[in-house]
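Have a look at this one.
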Amino acid sequence: MTILIKNGTVVSSTGADPAEVLIDGEVIVAVLQPGSELALSAENGADRVIDATGKLVVPGGVDVHTHMELPFGGTIASDDFETGTRAAAWGGTTTIVDFATQSYGLDVRECFDARMEQAEGRCAIDYGFHMIIGDVTDAALKEMDLLVNEGVTSFKLFMAYPGVFYSDDGQILRAMQQCAGNGGLMMMHAENGIAIDVLAEQAYERGETDPVTHGYVRRAEFESEATHRAIQLAKVGAAPLYIVHLSAKQALEQVAIARNNGANVFAETCPQYLYFSLEEHLDQGWDGAAYVCSTPIRSHHDHHQDELWKGLRTNDLAVVATDHCPFCMKEQKELGVGDFRAIPNGIGGVEHRMDLIFQGVVTGEISLPRWVELCSTTPSRMMGLYPRKGIIQPGSDADVVIYDPQATWTISVENHHMNIDHSAYEGIEVNGHVDTVLSRGRVIVDNNQYLGSMGDGQYLRRGLSSYLI
Ligand code: DUC
Ligand code: ZN
Ligand code: ZN
């Protein structure tokens, strides 16, 4: 099966130009000059021609931070691999990198194998895994080396959640030394969880139990302190470091200092930190529970959002991922009625990342190529998937999104495809719409219809990061 996508503007991380994209089977085989002899003969020979007049033709989105069916806080994230990856496809994301989790006292290999089995045959799009190391033991460190050789090339540790996923500084240093040896990327949840838990307990005892308290006790200072500490430990341990879900401008400052010193330090932010504020979203009584996530949504008084957009321009923030971790209000977020500490942490957004960040192009915060770079090319390079993913060029997988930059619509629980009983983004009007999605050459979304099937997605063995300096 050959497909030619013609009359569109092909966008890469370095530019946007009229070009025709020829796909043969699962891969892109040529990017052709419109009107050229080769383009004309490709059109004549193609089994199918897609007219992308007025549309952008972009590499499929790569979301390197999702949590399908994650057990968390006594419940399980409400999207499973089937519903979550299908929703991702609807939103123009054609690759996710999710997490396998080793909890305290458990064996890394067994946890990884169980996660692989859970996803097998269920995904709509291609997927890979990072490994969360929740118990840094000698055995876990050895297993990390084996996993890197099998395509799991990044590991997440937590400086938060004492007694659950928390690693102390010695454990972090050892894991970083292991990454220095095996080439893996160290991902860090950088918040000082010991200090947070002190403030959380004090607030609870004062009777402050509403969701907004979650935002007050998880102080920006605790994120910036942990980010600074992680950077120093990574320097000593000689490992590359990737800070996940960065939300505080003070933490961003720490990343910028390290990067200015030439360190292999990178950071990701998420749409929720660019769109929401503590005052407007977390501080609305119980309804604020929908916005409880960690790191938390920050105050609008401190202009974190402006600084994050700036970081996206300067590359101190190199990736936008969603941290998709959905919980329904009913029965899930409700676990924390009367105690904000028991509200499961997470927001669902895997379907909306491409549109939400495209708004930065519409408002002039970022350029069109930068949109593609942040949402597709850099995440792919960062996580060892490039050039298979993240670019439209011969030899790459035919993961292609045809995007209408003129369309206008409103995000709502009524039109989303995620398995959540509300939308954190309810009522937000966006310009731009995903019209057609190809995953390895197969048209899986077109004309407001889902045409794929469960299990189309393949497991991705990843290489080492090709983003390091
Ligand atoms: N960290 C994540 O990355 N996801 C969900 C919760 C959390 O703390
Ligand atoms: Zn985290
Ligand atoms: Zn996460």
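The values are calculated or read from the model by the stated rules, or taken from the named source; none is laboratory data. What you are looking at is a predicted structure, and each value in this text was computed from that prediction instead of being measured. With ideal geometry, Cβ positions are generated from the backbone for all residues, glycine too; neighbour counts draw on all protein chains shown. Just so you know, the surface numbers come from the protein's heavy atoms only, side chains and all, with ligands and any DNA or RNA stripped out. Shrake-Rupley method; radii C 1.70, N 1.55, O 1.52, S 1.80 Å.
Give the residue, chosen from 267, 342, that is at negative phi and open to solvent by less than 30 Å² (accessible area, probe 1.4 Å).
Numbers: 342 fails: open to solvent by less than 30 Å² (accessible area, probe 1.4 Å).
Exactly one residue qualifies, and that residue is 267.
Determine which member of the set 128, 163 is among the small types (Gly, Ala, Ser), open to solvent by less than 20 Å² (accessible area, probe 1.4 Å) and either at pLDDT 95 or above or out of contact with any strand residue (DSSP E or B) (no Cβ under 6 Å at 6 or more places or on another chain) (or both). I'd like the intermediate steps shown before the answer.
On the way: 163 fails: open to solvent by less than 20 Å² (accessible area, probe 1.4 Å).
None of the other options fit; the residue is 128.
Has the range 86-107 got any residue that is within 16 Å of ligand 3 (Cβ to nearest atom), farther than 30 Å from residue 231 by Cβ, in the same structural domain as residue 189 (by TED's automatic domain parsing) and crowded, with 22+ Cβ neighbours inside 10 Å? Reasoning before the result, please.
Within the range 86-107, the subset within 16 Å of ligand 3 (Cβ to nearest atom) is 88, 93, 96-103.
Keeping just the survivors that are farther than 30 Å from residue 231 by Cβ gives 88.
Checking which are in the same structural domain as residue 189 (by TED's automatic domain parsing) leaves us with 88.
So of that shortlist, the ones also crowded, with 22+ Cβ neighbours inside 10 Å come out as 88.
Yes, that holds for at least one residue.
Mind checking which pairs have a first residue in the range 284-297 that is among the hydrophobic types (A, V, I, L, M, F, W, C) and modelled with pLDDT of 95 or more and a second that is more than 10 Å from ligand 1 (Cβ to nearest atom) and not in a helix (DSSP H, G or I), Cβ under 6 Å, 6 or more apart or different chains?
What qualifies is 289/343; 290/422; 290/424; 292/343; 297/276.
Sticking with this one: Please count how many residues of the range 47-94 are of a type outside the set (S, T, N, Q), out of contact with any strand residue (DSSP E or B) (no Cβ under 8 Å at 6 or more places or on another chain) and away from ligand 2 (no atom under 16 Å from the Cβ).
The qualifying residues number 5.
Matching residues to (1) of a type in the set (Phe, Trp, Tyr); (2) buried (at least 17 other Cβ atoms within 10 Å of the Cβ); (3) out of contact with any Asp or Glu (no Cβ under 6 Å at 6 or more places or on another chain):
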position: 284; (1), (2), (3): no, no, yes
position: 305; (1), (2), (3): no, yes, yes
position: 308; (1), (2), (3): no, yes, yes
position: 316; (1), (2), (3): no, yes, yes
position: 321; (1), (2), (3): no, yes, no
position: 347; (1), (2), (3): no, yes, yes
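Separate question: Restricting to the range 13-38, what's the tally of residues that are in a strand (DSSP E or B) and touching a helix residue (DSSP H, G or I) at 6+ places or on another chain (Cβ under 6 Å)?
5
Further question on the same structure: For the range 135-167, name all the residues that are more than 16 Å from ligand 3 (Cβ to nearest atom) and of a type in the set (Gly, Ala, Ser).
139, 140, 151, 163
Separate question: Being open to solvent by 10 Å² or more (accessible area, probe 1.4 Å), under 25 Å from residue 424 (Cα atoms) and more than 15 Å from ligand 1 (Cβ to nearest atom) narrows it down to one residue among 180, 220; which is it? It would help to see each step written out before you state the result.
Details: 180 fails: under 25 Å from residue 424 (Cα atoms).
On inspection, the qualifying residue turns out to be 220.
Considering only the range 172-185, state which residues are touching a strand residue (DSSP E or B) at 6+ places or on another chain (Cβ under 8 Å) and either more than 16 Å from ligand 2 (Cβ to nearest atom) or assigned to a loop (DSSP other than H, G, I, E, B) (or both). Walk me through it before giving the result.
Narrowing the range 172-185 to residues touching a strand residue (DSSP E or B) at 6+ places or on another chain (Cβ under 8 Å): 172, 175-176, 179, 184-185.
Passing the criteria: 176, 179, 184.
Just checking, which of 142, 156 is charged (D, E, K, R), within 16 Å of ligand 1 (Cβ to nearest atom) and either within 27 Å of residue 217 (Cβ to Cβ) or surrounded by fewer than 24 Cβ atoms within 10 Å (Cβ to Cβ) (or both)?
Only one candidate passes the filter, namely 156.
If I go through the range 188-207 residue by residue, how many of them are in contact (Cβ under 8 Å) with a residue 40 or more places away in the chain and assigned to a loop (DSSP other than H, G, I, E, B)?
2
Continuing with the same structure: Do we have residue 310 as among the charged types (D, E, K, R), free of Cβ contacts under 8 Å to residues at least 12 places away in the same chain, in the same structural domain as residue 355 (by TED's automatic domain parsing) and at negative phi here?
For residue 310, the condition - among the charged types (D, E, K, R), free of Cβ contacts under 8 Å to residues at least 12 places away in the same chain, in the same structural domain as residue 355 (by TED's automatic domain parsing) and at negative phi - is met.
Provide a single number: the residues in the range 444-466 that are closer than 25 Å to residue 99 by Cα, among the aliphatic types (A, V, I, L, M) and touching a strand residue (DSSP E or B) at 6+ places or on another chain (Cβ under 9 Å).
Residues flagged as closer than 25 Å to residue 99 by Cα, among the aliphatic types (A, V, I, L, M) and touching a strand residue (DSSP E or B) at 6+ places or on another chain (Cβ under 9 Å) within the range 444-466 amount to 3.
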